[in-house]
Amino acid sequence: MKNLSFMLPIKGSIINLSDVEDPGFSSGSMGPGIAIKPLEGKVYAPFDATISVLFATKHAIGLTGKNNDAELLIHIGIDTVNTKGEGFKTYVKQGDNIKKGDLLLEFDIDLLKKNGYDVTTPVIITNADKFSHISVKDEENSVIIKDDINTIIPSPPNNIVSSAKHAELSADERVAGEILANIGGKENIRSVEHCATRLRLILKDKTKINEKAIENIDGIKGQFFAAAQYQIILGTGFVNKVYAVIIRGSDSLSQSNNKDTAYADMTLLQKASRILGDIFVPIIPVLVATGLFMGLRGTLISLGVKFSPHFMLMSQILTDTAFAFLPALVTWSAMKKFGGTPVIGIVLGLMLVAPQLPNSYLVANGSSQPLMLNIFGASIPVIGYQGSVLPALILGIFASKLQLGLKKIIPDVLDLILTPFLTLFISMILGILIIGPVMHHIELFIFNAVRMFLELPYGIGGFVVGGLQQVIVVSGVHQIFNALEIELLSSTGKDMFNAIITGAVIAQGGAALAVAIRTKNPKKRSLYISSVIPAFLGITEPAIFGINLRFIKPFICGLAGGALSGMAASWMHLAGTGMGITVIPGTLLYMHQLPQYLLVNAIGLIVGFGLTIIFFKPEE
């Protein structure tokens, strides 16, 4: 292997490449190099070469050395591709042969800075693997960029350091840089967000994705397309750090909104699932907490602990309030989602459960009667909607649309008074007299149909739901079940759906664990095990997309485990006191049926693991 030494192409101070505010360069994934803080806007040839690449925007130029075969990329500034050539002037064209010291191009430093661009200029050796030693010289110093004898070079004095220290990068910077290098860079990102485990990208040009390279990045547990997004599984906690690196220095990315961007590309079912998810997900944490409190209280009572009447009253306030005023939570979230004023949604929801209206639970058990209103000769029964979901959901959507429509026609000077008044008045009348009764009957029909299916004899309903639930997760429309679980909890006080799917979750974890055990490559085995752990905490995406779906058989074995565990849960009438958590964290929701819960999870784990061990062959 040869040595490479070249002159600094731009007059200025040298800084470490890892200090560049762009992970595509700072990660070293494009190759080792240096960065220059330019003192003047002139780029000179560092050695005899051919112009191999000259971008139409003139912001970057690639050279191929005539005598040394070096491939050098000089990228003037950060994100300067967006200038579309303004402030740049070239003296060469692609294919030209040049001599060392020739003036290649000029750029207007002051103009670039005035337009908000960082003029720090990375200089990258893109074929560094051909050289054992690389250095660059300015007028006073010689800076080592690569040295195979001593890969990690101690920092020299006066802040001139090696920029090829890939091993010194933090894991989040390295992974972020490698992701950007394999998706077409920041300029190919339309918007970016993240959830608990996944980086969610919407890209301008999907053909620029190098999926194979991304799969092989150390720290990435899988990647896939779902809900019009390119999603990369990184794991809890780590995804936040990688996301922060990617959006660093880019206001447009930090303020991007995946939901609006992706919505246009979704199917109708995906759109419905996304809307329901956006409305119900903000409510789930309080219902999870309520369910945990109920489970804890039930456990203590089953252990013989006796509480005073006052303590029981306080505990009931803690566990019952969220469900007593559930319509207010739903209308608040629906108003917020559709652009209305959230506080108006809260008031509308409270109107649906106003104490002046007969309580729906008391009406249902016959201890109270509906209030009969005579409207144009027709008697309309009016009740409260305690615990109802669908009436509040539709009313919240209607009220938000009504408010936005009123704002367009009411003069600004009257908007503060008239718009809230008319929104509340019209929505209340329609909500109590039309939307409420109609949606309540539809809700009862849907709920009873679903409940009958889940309670089919011999656990058939649980078998079907448990076997298909993770397929629905893969499709990206699983948020649609949030409304069902909330309805189950509000109507019965228990969530049988959660009991069915917990086995489906751990079954995928068991299948992934079997793959890890049968994998001989230590690095891959370690990666697979790190993807298995979240499944035992109720998060299956790393196991599914990082392992099971890649090999197909483990995913099918996991589905079989989910089906059998779901059948067992349904047959034993297992139901949790809350929603939103499964497997190990979900144990607190089943303290009243702990042996049955442990059995259901054991069935899912053993079947998923056992079938995968039998049928999966690593060499496939």
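Between residue 362 and residue 418, what length in nm is gained on full extension when 0.36 nm per residue of separation is reduced by their alpha carbon distance? Display every interim value, and only then the final one.
Values: separation 56, 0.36 × 56 = 20.16 nm, distance 3.63 nm.
Going from the current span to full extension adds 16.5 nm.
Taking 1 over the mean of 1/r across every pair of different Cα atoms in the range 325-443, what Kirkwood radius in Å do you get?
Value: 14.5 Å, from the Cα pair sum.
Each residue of the range 343-354 in turn: what ³J(HN,Hα) in whole Hz from Karplus with 6.51, -1.76, 1.60 and θ = phi - 60°, glycine and Pro shown as x?
Once rounded to whole Hz, the list reads 5, 5, x, 4, 5, 4, x, 5, 4, 5, 10, 4.
Note down the relative contact order for the range 317-440 as a percent, whole number, built from C-alpha pairs under 8 angstrom at least six residues apart. Spell out each step's value before the answer.
Values: 185 pairs, mean separation 36.1, N = 124.
Averaging sequence separation for qualifying contacts and normalising by length gives 29 percent for the range 317-440.
Does anyone have the angle between helix 553-571 and the longest principal axis of the chain? Alpha-carbon axes, 0 to 90°, nearest 10?
20 degrees
Would you please name the chymotrypsin sites (Phe, Trp or Tyr not before Pro) within the range 2-104 that are DSSP coil residues with at most 13 other C-beta atoms within 10 Å of their C-beta?
Taking the range 2-104 and a limit of 13 other Cβ atoms within 10 Å, the loop chymotrypsin sites (Phe, Trp or Tyr not before Pro) found are 91.
Applying the Karplus parametrisation 6.51 cos²θ - 1.76 cosθ + 1.60 with θ = phi - 60° to the phi angles of the range 594-599, what ³J(HN,Hα) value in whole Hz is obtained for each residue in order, glycine and proline being reported as x?
For the range 594-599, the Karplus-derived couplings read 4, x, 5, 5, 5, 5 Hz, x marking Gly and Pro.
What ranking, highest mean first, results for peptides 291-303, 173-185 when packing means the other Cβ atoms within 10 Å averaged over each residue?
On the way: 291-303: 17.5, 173-185: 23.4.
Answer by packing, highest mean first, reads 173-185, 291-303.
Based only on Cα atoms, what mean projected area does the convex hull of the range 19-99 have, in nm²?
5.6 nm²
Calculate the radius of gyration of the Cα atoms of the chain to one decimal place, then report Dmax, the largest Cα-Cα distance, as a whole number, both in Å.
Final numbers for Rg and Dmax: 30.9, 99 Å.
Tally Lys/Arg at +1 and Asp/Glu at -1 over every other residue whose Cβ is under 14 Å from the Cβ of residue 121; what's the total? The partial results should precede the final answer.
Numbers: positive: 11, 37, 42, 58, 113; negative: 19, 21, 22, 40, 79, 106, 108, 118, 138.
Around residue 121, the charge tally is -4.
State to the nearest 20 debye the size of the charge dipole of the range 492-543 about its Cα centre, where the only charges are +1 on K and R beta carbons and -1 on D and E beta carbons. Mind dumping the intermediate values first?
Numbers: 6 positive and 2 negative charges, 83 e Å.
My answer is approximately 400 debye.
Can you give me the distance in nm between label points at residue 617 and residue 460, each placed 7 Å from the Cα along the Cα-to-Cβ direction?
3.8 nm
Going by amide H atoms built from the backbone, whose H comes under 5 Å of the H on residue 54, apart from near neighbours?
It is 62, by chain and number.
When DSSP assigns beta bridges and you keep just the ones with both residues in the chain, what percent turn out antiparallel, to the nearest 5?
90 percent
Full extension from residue 272 to residue 251: what is 0.36 nm times the residue separation minus their Cα-Cα distance, to one decimal in nm?
Full extension from residue 272 to residue 251 adds 4.5 nm.
Relative contact order for the chain: what percent, with Cα pairs under 8 Å and sequence separation of 6 or more?
11 percent
Cα to Cα, under 21 Å, and not fewer than 8 places away if on the same chain: which lysines meet these conditions relative to residue 407?
Counting by Cα, and skipping residues close in sequence, residue 407 has these lysines nearby: 336, 337.
Which residue, chosen from 501, 35, 579, occupies the Cα position most advanced towards the positive end of the dipole of the chain, where the dipole is computed from +1 (Lys, Arg) and -1 (Asp, Glu) charges on Cβ about the Cα centre?
501
What residues qualify as long-range amide H neighbours of residue 189, i.e. H under 5 Å apart, gap of 5 or more or another chain, H built at 1.01 Å from N?
Those qualifying (amide H under 5 Å, at least 5 residues apart or on another chain) are 204.
Using just the helices of the chain, give the 222 nm mean residue ellipticity in deg cm²/dmol: DSSP H runs with n ≥ 4 each add -39,500 (n - 2.57), and the total is spread over all residues, rounded to 500.
-14500 deg cm²/dmol
Could you list which residues have their amide H under 5 Å from that of residue 387, counting only those 5 or more apart in sequence or on another chain, with H placed in the peptide plane?
For residue 387, whose amide H was placed from the backbone, the distant partners under 5 Å are 326.
At 7 Å along the Cα-to-beta-carbon direction for both residue 103 and residue 305, put a label point, then send me their distance in nm to one decimal.
For residue 103 paired with residue 305, the spin-label model returns 8.3 nm.
If each residue of separation counts as 0.36 nm, what is the full-extension length gain between residue 86 and residue 438 once their alpha-carbon separation is subtracted?
The span from residue 86 to residue 438 would gain 120.6 nm if fully extended.
Taking the Cα centre as origin and putting +1 on Lys and Arg beta-carbons and -1 on Asp and Glu beta-carbons, what dipole magnitude results for the chain, to the nearest 20 debye?
That gives the chain a dipole magnitude of about 840 debye.
The numbers here are math on the coordinates, done by the rules we state, and not lab data. Please read all numbers here as calculations on a predicted model, not as lab measurements. Note that we place each Cβ from the backbone using ideal geometry, even for glycine, and neighbour counts take in every protein chain shown.
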